[in-house]
Every structure is written in C-alpha cells, then in structure tokens.
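The numbers here are math on the coordinates, done by the rules we state, and not lab data. Computed from a prediction, not measured in an experiment: that's the story for all the values here. Cβ sites come from the backbone with ideal geometry, for glycine too, and all protein chains shown count toward neighbours.
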Amino acid sequence: MKSAPFDYVRPRTVAEASALLAQAGVNAAAIAGGQSLVPMLNLRVAQVDLLVDLSRLDELKAVGETSENLQIGALTTHAAIEDGMIPDPFGGLMRRVASTISYRAVRNYGTIGGSIALADPAADWTGCLIALGAVVRIGGRNGAREQAVEDFVQGTYSTSLGPGEVILGFDVPRSDAPLRCGFAKVARKSGAFANSIAYVVVQGRGGLVTVVLAAAAPRPIVLAGAARHLASGVDSEDALRAAVADDLKTYLPDADPYETRLHISTVVRAARDMRTQT
Amino acid sequence: MKITVELNGAKVVHDVEPRETLADFVRDRCGLTATHLGCEHGACGACTVVVDGQVTRSCLVLAVMCDGRSIDTLEGLRNNPAMEVLRKHFHECHGLQCGFCTPGMLIMARDILQRLPGPDANTVRHELSGQICRCTGYTGIVKAIVAAGQELARDTPNG
Ligand SMILES: Cc1cc2nc3c(=O)[nH]c(=O)nc-3n(C[C@H](O)[C@H](O)[C@H](O)COP(=O)(O)OP(=O)(O)OC[C@H]3O[C@@H](n4cnc5c(N)ncnc54)[C@H](O)[C@@H]3O)c2cc1C
Ligand code: FES
Ligand code: FES
C-alpha cells in the first residue's frame, strides 16, 4: 500500500497554489488534511504528478462573523469545530455534526474544505452546509467566485471546481429569527461513513423550513414535501412519515423497502431533535 | 526532500520521498517500531502517534507535511506520567493479549484522558471506536482506561 511517486510543493499564497494546480500537462492535486487523499493515493485509486500542500496557507484559515454570516476558512478542521473554536450560531448543530465525523485523530486533520471538495456522497458537511444555505468561496487564476454549496456539489466525487481553483472558505448565512436545527444519522459503526443522514433547519416559529437527506443518493436531496409538512405546524409524526415517503417516491424512486424505512426514520428523528432545541 | 522534525524530543533531519507516510518514516527511517501498521487506510488506529500535541494517524499523513513539527511516538512517552498510570492499569486489567493494537490504544487513551478527564465506560467506548483490537474484546481495555482516569483525577483533582 504505497503511493506511486509524486512531487510535492508547499506554496506560500493561494495565487501561487492556483498557478501550480493549473499547469498544463501536469496532473496536480491540492492536499489539505490528507485524510481522504493520502489513503486514495496509497490505494492508487488516485495518482498525481504533483501534490500542492495547502495546509499552511493562512488565507484559508480565516474565521469571522458579521451580523449577516459566519465565515469559515476552508482549512478549519472537524476537531476545531467540535471543540467550539469557531462560533456556531446554529444552535450547536455544527459542533454536533463535527463530533460524529470519523474518529478524533482523523478530525484533527480533516478539513471542511477538503470534505466539500471531495464530495463523497456520504460526507457529513455537504448536507449540513446545504441545509444551512451556505455559499462556497472559490479562488482561481481569474479571481474569486461564489456558489451555493447546493449547486457546487454535483454528484459522487464531482463538483464545479475548475482547473487551478481552490476552495477559500464558506459563508453561512445567519437569520434574524432564532434557528432550530435537528440532525440524525445512521452508520453501521460510530465514525464510519453513514447510510443515511437527515438535517432539519427551521427559522423562527412558522418560518422557513429546510429538510435535507444525505448519504442516500450521489448528492444530498432537499425534501420539499417534508419541509412543507413541518412548516404547516401540524404536529403529527405519521403525517411527516407520509410526507417523506412521498418525497422519496419523487427523488429516490429506486429505493428498496429497507432504504425507504431508514431514510424516513432519520428524517423523523432529525425533526424530533429539532423540537428539543429551544 | 529534506525535512526537520523534533522526534521524541530530539531534532532529526532526514531526506524523505514525498510519498512516504509518517508511519513509514518513523518505522523504517528512524527504527521506531512501536508504531504499528494494521490497515494503512485510517480504519484501525494501530499507527496512532502525537504530532504537535494532537493524536494523528501516521498512515494518513505524509512525512513531508510534518516538516518543522514535533512528533511523539510511544517510545518517547515511556516516562510520561499519564502513560505510566495507563500501562499499570492495562497490565492489571488484561488490556492486551498479542499487543499489536496496544501502542495505538495507549496513545489514544492518553488523549481521551486529557480531553475528557475521568471518563465513564460509555465515553471511553465511544472515543475508542476508531481503535481496533482483534484479541481482547475491549472489556479489559475500557476498564483499564476508566481506572487510569479515576486514578489520575484523584491525584490531580484540578486537572
Ligand atoms: C477512517 C475514515 C473515516 C471517515 N469517515 C467520515 C465520515 O463519516 N464522514 C465524513 O464526512 N468524512 C469522513 N471521512 C473523511 C474525512 O472527513 C476527510 O478529512 C475529508 O473528507 C477530507 O478532508 P481533508 O482535509 O483531509 O482533505 P484531503 O484528503 O487533503 O483532500 C480531499 C480532496 O479535496 C481536495 N481539496 C482539499 N482541500 C481543498 C481546497 N481548499 N480547495 C480545493 N480542493 C481541495 C483535494 O485535492 C482532494 O481531492 C473519513 C476519513 C477516514 C480516514
Ligand atoms: S494503520 Fe493507520 S489507521 Fe490502520
Ligand atoms: S491485543 Fe491483539 S489486537 Fe489488541
């Protein structure tokens, strides 16, 4: 289990990293925490000529808060979020999600930027950031651009990231009304990639509701029917189950009976979790 | 590529290949074989070491990425006070059989007791879910860590 040989550089700026990543004829890849890329290189499911180490770029570490949003640098680790090193104006949702990702030694290195760039269908941050309406900031040779995480993640290991582009960070909008966030996930073993993850985000009483189901399809699914039910104020879990079942017929027509029950149950548990948040 | 690290308290300079993992670096270049390699893809925890105070899977980081950092392997923690207490309880509670997982277990156990002093058995089990032991069935390991946590909390009531 050794990677094929490659060259390694440690650029000092994002501009330098972009230029290195965009070189014609060189198969270059960025590395942040390495918690996904190193095993992929060792298993030789990924092969590169050049590894561009982003992990010491201060530009990607900035964390800030305005009245409008929370800015999270791409290099922010799962462990830093778990430990409350960044603000979490989402009722502790991000802390709780972080603490369930893999194992502590992996969380000490794995970054939120690397997780979104990889776009593993079972990753925890994609669904979470989509549920919170986050925007990804991307830097490249032609300046910076922004895109909703929902549009950035396009499928299994597939994003809109172009040659030479680097994720700088994320802007997560804050709402005026207090947020109530719920989350539930099922994995065969704590720390393993999940089989189903659900997020429920409610803005204020009777406000906007977002329900996201992840690890069920190549990219997270926004469940419109379940959200409509939760926004209606009707307090019935049976009705919620029916609404999710309808959503699944639309978005996951090939789900088998086990998957259908699994996904319904994570959404119901996420909604229960949301109700316990005051 | 030349890297400089502080390995178990001593400055070490070595030429490494960029593809070399930290695990291969400490074992093959530096001859420190307490760090074991089980799965080499992040699943078993046998390779756990400490880099800049943080538990690290040495099979998942490249040696070049650790340039300028400080690395502790189990060899370097021989006289660490928490490690002495942990070793005693692993011995008394039958926390090991073949010993393959033990270096990673001890390093992770020390990290758990630092972050979550005096943990109960459930907490220990949860925190240990990334460390695989093929022999013991974990009961002795969990008991040992809980007992070590109680002893350390008793001796240092204010942390
Ligand atoms: C045993 C194990 C279990 C795991 N379980 C889970 C789990 O349950 N849930 C989960 O979500 N994750 C899980 N992970 C993955 C973990 O969260 C990774 O850390 C994460 O997916 C990738 O982050 P990284 O910083 O390590 O990225 P790297 O491995 O360094 O890079 C991953 C990819 O992202 C690219 N990249 C990295 N940073 C940037 C950037 N700033 N801009 C552009 N491209 C970039 C790289 O080129 C590469 O293609 C697990 C990992 C392991 C080893
Ligand atoms: S050898 Fe590193 S986690 Fe298994
Ligand atoms: S004692 Fe043999 S693997 Fe744990």
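Rounded, prolate or oblate for chain A? Axes are the square roots of the Cα gyration tensor eigenvalues, ordered a ≥ b ≥ c, and the cut-off for rounded is a/c under 1.5. Since a/c reaches 1.5 and a/b is larger than b/c, the shape of chain A is classed as prolate. Distance between the modelled labels on B:Arg154 and A:Lys189, one decimal in nanometres: 3.4 nm (7 Å Cα→Cβ projection). Positive-end ranking of B:Met108, B:Ser129, B:Gly118 along the dipole of segment B:81-155, with charges on Cβ about the Cα centre, is headed by B:Ser129. Classify segment A:7-52: rounded, prolate or oblate, from the alpha-carbon gyration tensor (a ≥ b ≥ c, eigenvalue square roots; a/c under 1.5 rounded; otherwise prolate if a/b is larger than b/c)? It is oblate, given that a/c is not under 1.5 and a/b is not larger than b/c.
Note: relative contact order over chain A, using C-alpha pairs below 8 Å and six or more positions apart, is 16 percent. Dipole check for the protein assembly as shown: with +1 at the C-beta of Lys and Arg, -1 at the C-beta of Asp and Glu, and the Cα centre as origin, the magnitude is about 700 Debye. The helix-only estimate of mean residue ellipticity at 222 nm for chain A, built from DSSP H runs of length n ≥ 4 each weighted as -39500 (n - 2.57), is -9000 deg cm²/dmol after division by the residue total. Extension gain for the segment A:Met1 to A:Tyr258, taken as residue separation times 0.36 nm less the Cα-Cα distance, is 89.0 nm to one decimal. Spin-label model, A:Thr250/B:His91: points 7 Å from Cα along the beta carbon direction are separated by 6.6 nm. Between the beta carbons of A:Arg95 and A:Arg275, assuming R0 = 25 Å, the FRET efficiency works out to 0.85 to the nearest 0.05.
Is the shape of segment B:26-83 best called rounded, prolate or oblate, per the rule: a/c under 1.5 gives rounded, else a/b larger than b/c gives prolate, else oblate, with a ≥ b ≥ c the square roots of the Cα gyration tensor eigenvalues? It comes out rounded by the Cα gyration axes. Ellipsoid fit via the Cα gyration tensor, segment A:210-278: semi-axes of 19, 12, 11 Å, each the root of five times an eigenvalue, largest first. Helical runs assigned H by DSSP (4 residues or longer) give chain B a calculated mean residue ellipticity at 222 nm of -10000 deg cm²/dmol, each run adding -39500 (n - 2.57) before division by the residue total. Remark on A:Asn195: its backbone amide H falls under 5 Å from those of A:Val186, A:Ala187, A:Arg188, a criterion applied only to residues 5 or more positions apart or on other chains, H modelled at 1.01 Å from N. For a Förster distance of 30 Å, can you work out the FRET efficiency between the beta-carbons of A:Asp58 and B:Lys11, rounded to the nearest 0.05? For R0 = 30 Å, the calculated efficiency reads 0.75.
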